[in-house]
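See below for the structure under consideration.
Every number here is computed from the coordinates shown, using simple stated rules; none is lab data. All values derive from a computational prediction rather than experimental measurement. Glycine also receives a Cβ, built like all others from the backbone with ideal geometry; neighbour counts cover every protein chain displayed.
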Amino acid sequence: MSNTPLIEVTNLSLKLSNADVLSSITIASTDPGVTMVMGPNGAGKSLFLRCLHGLTIPTGGSIKIFGNSILGTSTDQAMVFQKPVLLRRSVIDNLKFAGSTNTQRNAIDDALSLARLQDKQHFPAKLLSGGEQQRLALSRALLREPKLLVLDEPTASLDPASVQIIEQVIQDFTERGGKVIFVSHDIGQAKRLGSEIIFLHMGRVLEHSVASAFFNNPVTDEARAYLNGHIII
């Protein structure tokens, strides 16, 4: 691992309707693989990701991605949400829209292949199955060749085949040098993909460690309860 943080968050806070939803989050990640963000519902995971991606402006603190301060969305980053956001166009037109003016046709074909949608390239994207839509959303995000991929529960409620395809795409992306921040409630998935874990509860980071340490020896009572399937209040 490099000693230079790929992601550096300092005293991040976020207030919504006068309520603190993120409080004093400070983390530095030098890990080049998949950082899984875990925690119970309402922990602030999605809001944390939106801050990292520049979609939500924090109330206080700072965020640096690859050494650069985040003031808004960046072409170095791409985000995929739990519910795919697709244009009312065909599969291939969704990809063409996402590509730059320099995107070659072979890159579009590669994106279709990545999503396993070669045979549905002229099919309306909105009529694809849930798993197919998410595979399209992910391959579309990767068309711009981001350095960082931000994923907010992209495989929730998907069919097993699509989950397997998406996980393989993510692994391939990190093997090519990409960095991934991934929110998931699936402990098995976190064990398969995660190289480090950030555990959030009530808007605070309670644990941040390599995955093996988190799963084998969680430090906090909240993390132990979460991993044992207990309700955390």
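Backbone amide hydrogens, once placed in the peptide plane, bring residue 207 within less than 5 Å of 199, excluding anything fewer than 5 places away on its chain. Report, in degrees rounded to the nearest 10, the 0 to 90 angle that the Cα long axis of helix 105-114 makes with the longest principal axis of the chain. Approximately 60 degrees, to the nearest 10.
Based on the Cβ-Cβ distance of residue 69 and residue 110, what FRET efficiency does E = 1/(1 + (r/R0)^6) give at R0 = 45 Å, to the nearest 0.05? So, using R0 = 45 Å, E works out to roughly 0.85. Note on the chain: dipole from Cβ charges, positive end direction compared against 184, 146, 107; the farthest Cα belongs to 107.
Computed from phi, the 3J(HN,Hα) profile of the stretch 33-41 under the Karplus parametrisation 6.51, -1.76, 1.60 (θ = phi - 60°) reads x, 9, 9, 8, 9, 10, x, x, 4 Hz, with x in place of Gly and Pro. For the pair residue 156 and residue 233, label points projected 7 Å from Cα toward Cβ lie 2.3 nm apart. Each residue of the stretch 224-233 was assigned a 3J(HN,Hα) from its phi angle through the Karplus expression (A = 6.51, B = -1.76, C = 1.60, θ = phi - 60°), giving 4, 5, 4, 5, 8, x, 7, 6, 10, 10 Hz with x at Gly and Pro.
Placing pseudo-labels 7 Å out from each Cα toward the beta carbon at residue 118 and residue 176 gives an inter-label distance of 1.7 nm. Here the contact order of the chain, divided by its residue count and restricted to Cα pairs under 8 Å and six or more residues apart, works out to 26 percent. Across the stretch 155-160, rounded Karplus estimates of 3J(HN,Hα) from the backbone phi angles (6.51 cos²θ - 1.76 cosθ + 1.60, θ = phi - 60°) give 10, 4, 6, 8, 5, x Hz, Gly and Pro being marked x.
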